[in-house]
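Reviewing the structure listed below.
The values are calculated or read from the model by the stated rules, or taken from the named source; none is laboratory data. Just so it is clear, the model here is predicted, and its values are computed rather than measured. Glycine also receives a Cβ, built like all others from the backbone with ideal geometry; neighbour counts cover every protein chain displayed.
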Amino acid sequence: MVGVLSYLISFLGILFWAFRLVVVFCASMEIDIGFTPVNLNLEIILLFLSIPCLILVLKRNLGGALAYFVLFTFYFGNDLYNRIISGGGIQTMLIDALGVALPLISLIDIAVNKNRVGVTTTNKKTSWFYANSDYDRQLDERADKNNYRT
């Protein structure tokens, strides 16, 4: 169950990144979709910087998760704090809260369970036999020398 939850968190992070990409695209084309970026230039930079962070999060790298958390908290956390103080729109506050919560949950998930990389298909009982190329070469040499005629 922990593996499914980790993949779900990563998938939600990727979906949030795609949502922010749509918001930036619509803001740059001046299409009103109800969401606006706080700072368009900073958001574009954040989108490009979050790509390697998301790749490192998928590879279960703690440094990538920490960078992902710091970047998104710097951007969305500042706006969330300003919206809470000024009593801004609830819709924008929810997006900002999601922008802070997803990297935090991802960081906690990787910090708690960073040794899990994925499901391996190797069987430890037989991998020594099939992975040993020296035994294969000895078997081939012995098989070549034993040419019995019938």
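Couple of notes before you dig in:
- Matching residues in the range 85-103 - criterion: being in contact (Cβ under 8 Å) with a residue 12 or more places away in the chain and either on the phi > 0 side of the Ramachandran plot or among the polar types (S, T, N, Q) (or both): GLN91, THR92
- When the residues of the range 57-104 are filtered to those that are among the hydroxyl-bearing types (Ser, Thr, Tyr) and over 13 Å from LEU46 (Cα atoms), the one that is modelled with the lowest pLDDT is THR92.
- Counted residues, the range 105-119 - those being modelled with pLDDT of 65 or more and either surrounded by 13 or more Cβ atoms within 10 Å (Cβ to Cβ) or closer than 16 Å to CYS53 by Cβ (or both): 8
- Residue check for ARG60: buried (at least 17 other Cβ atoms within 10 Å of the Cβ) and farther than 23 Å from LEU8 by Cα: no
- Of all residues assigned to the range 120-140, at least one qualifies as being modelled with pLDDT under 90, surrounded by 11 or more Cβ atoms within 10 Å (Cβ to Cβ) and of a type in the set (Asp, Glu).
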